[in-house]
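One structure, as C-alpha cells, below. Some questions next.
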Amino acid sequence: EDQVTQSPEALRLQEGESSSLNCSYTVSGLRGLFWYRQDPGKGPEFLFTLYSAGEEKEKERLKATLTKKESFLHITAPKPEDSATYLCAVQPNQAGTALIFGKGTTLSVSS
Amino acid sequence: ETGVTQTPRHLVMGMTNKKSLKCEQHLGHNAMYWYKQSAKKPLELMFVYNFKEQTENNSVPSRFSPECPNSSHLFLHLHTLQPEDSALYLCASSQDSSFGMLYEQYFGPGTRLTVT
C-alpha cells in the first residue's frame, strides 16, 4: 500500500537553530514528491517538486532533498515566520493523479 | 482576485440542510480538485476534474455532489451531511492532470464546515 510518513509530528526550535524534517514514503514507483507549507486557517502553499533521487532544491532558508526512500526539508537559521505545518505528498507512477499526503510536521520557531 | 478563491470561508449547517461550496481559479489551469482535511489526518482527495470532465471519484459518499461547469469554477453540493463530515474542504487547481504529466497543485484557503 502506498504510504507517506512524516516525522517528527511537531518540532519546536529557537530562532537560528537549524534542523530537518523527514518524509519517508512507500510507493510502487515515484513520479514526483511535493513539499507544501500550510499556515493556520489557510490552504497549503506550494514549495518544491522533486522528481528523482539526488535532486535538491532551495528557497530562502529551506532546502529539500530526495533519496529513493525519503525526503528531507532542511531549515537553516529559522525565523519565527517559518512557523507553519509542512506537508509532504507523493504522486505514484501510475494512472490517475491522486497525491498521497503525509500528516505533516508542525514547526514552531520562537525568538 | 488572484490564485484560487473559495466561498464561503466558514459554514455551519444542520444535517437536513442543503448547501454548496464554490471554488474559482484565476490561474488559467485545466484541472480542479476537491480535498477534505480533518484534524490529525492527511489530506484526502475527493474528486478530480480535468477539462470539465470528472476523472476521479475517490469513493466519496453520494451526499457530496461535485459540479464543474467550466475549467475555472468548481462546486461541491452538500446534502444530509453527518457530523463526521465536519472538516476543512480545500479546492485546488493545476495546469493539467493527464497521466504522465506532473504539475504542482495550487490550493485555495478552504471552507471550514461544521455539521451540527
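State the number of residues belonging to segment A:76-105 that are under 24 Å from B:Thr55 (Cβ atoms), surrounded by fewer than 22 Cβ atoms within 10 Å (Cβ to Cβ) and among the β-branched types (Val, Ile, Thr).
The total comes to 1.
Would you mind stating whether A:Ala89 is free of Cβ contacts under 8 Å to residues at least 12 places away in the same chain and within 14 Å of chain B (Cβ to nearest Cβ)? Spell out how you get there, then give the answer.
On the way: free of Cβ contacts under 8 Å to residues at least 12 places away in the same chain: no; within 14 Å of chain B (Cβ to nearest Cβ): yes.
Criteria not met by A:Ala89.
Hey, another quick one. Suppose we filter segment A:1-16 for residues that are more than 14 Å from chain B (Cβ to nearest Cβ), exposed (fewer than 12 other Cβ atoms within 10 Å of the Cβ) and assigned to a strand (DSSP E or B); how many remain?
Total satisfying the criteria: 1.
Restricting the first residue to segment A:25-47 and requiring it to be at the interface with chain B (Cβ under 10 Å from one of its Cβ atoms) and in contact (Cβ under 8 Å) with a residue 60 or more places away in the chain, which pairs with a second residue that is of a type in the set (A, V, I, L, M, F, W, C) and not in a strand (DSSP E or B) meet a Cβ separation below 6 Å and a spacing of at least six or different chains?
The qualifying pairs are A:Arg31/B:Leu102.
So which of B:Val12, B:Val4 ends up being surrounded by fewer than 15 Cβ atoms within 10 Å (Cβ to Cβ), among the aliphatic types (A, V, I, L, M) and at pLDDT 95 or above?
Working: B:Val4 fails: surrounded by fewer than 15 Cβ atoms within 10 Å (Cβ to Cβ).
B:Val12 is the lone residue from the list that is surrounded by fewer than 15 Cβ atoms within 10 Å (Cβ to Cβ), among the aliphatic types (A, V, I, L, M) and at pLDDT 95 or above.
Name every residue in segment B:32-73 that is within 12 Å of the chain's Cα centre (by Cα) and more than 29 Å from A:Thr106 (Cβ to Cβ), in order of residue number.
Passing the criteria: B:Tyr49, B:Asn57, B:Ser65, B:Pro66, B:Glu67, B:Cys68, B:His73.
Quick check on segment A:75-82. Is at least one of its residues of a type outside the set (D, E, K, R), within 14 Å of chain B (Cβ to nearest Cβ) and either free of Cβ contacts under 8 Å to residues at least 24 places away in the same chain or closer than 30 Å to B:His10 by Cβ (or both)? Before you say what the answer is, go through the steps one by one.
As a first pass, look at segment A:75-82 and keep what is of a type outside the set (D, E, K, R): A:75-78, A:80.
Now narrow it down to the ones that are within 14 Å of chain B (Cβ to nearest Cβ): none.
No, segment A:75-82 contains no residue that is of a type outside the set (D, E, K, R), within 14 Å of chain B (Cβ to nearest Cβ) and either free of Cβ contacts under 8 Å to residues at least 24 places away in the same chain or closer than 30 Å to B:His10 by Cβ (or both).
From the list A:Lys59, A:Lys63, A:Lys103, A:Lys69, which one is more than 18 Å from B:Pro42 (Cβ to Cβ), within 15 Å of the chain's Cα centre (by Cα) and within 14 Å of another protein chain (Cβ to nearest Cβ)? Break it down into steps so the answer makes sense when it comes.
Numbers: A:Lys63 fails: within 14 Å of another protein chain (Cβ to nearest Cβ); A:Lys103 fails: more than 18 Å from B:Pro42 (Cβ to Cβ); A:Lys69 fails: within 14 Å of another protein chain (Cβ to nearest Cβ).
The unique qualifying residue is A:Lys59.
Report whether or not B:Glu104 is in contact with a Ser or Thr (Cβ under 9 Å, 6 or more places away or on another chain), outside any strand (DSSP E or B) and within 30 Å of A:Thr105 (Cβ to Cβ).
Details: in contact with a Ser or Thr (Cβ under 9 Å, 6 or more places away or on another chain): yes; outside any strand (DSSP E or B): yes; within 30 Å of A:Thr105 (Cβ to Cβ): yes.
Yes; evaluated as a whole, the condition is true for this residue.
The values are calculated or read from the model by the stated rules, or taken from the named source; none is laboratory data. If you're wondering where the values come from, they're calculated on a predicted model, not measured in any experiment. Backbone-built Cβ (ideal geometry, glycine too); neighbour counts: all protein chains shown.
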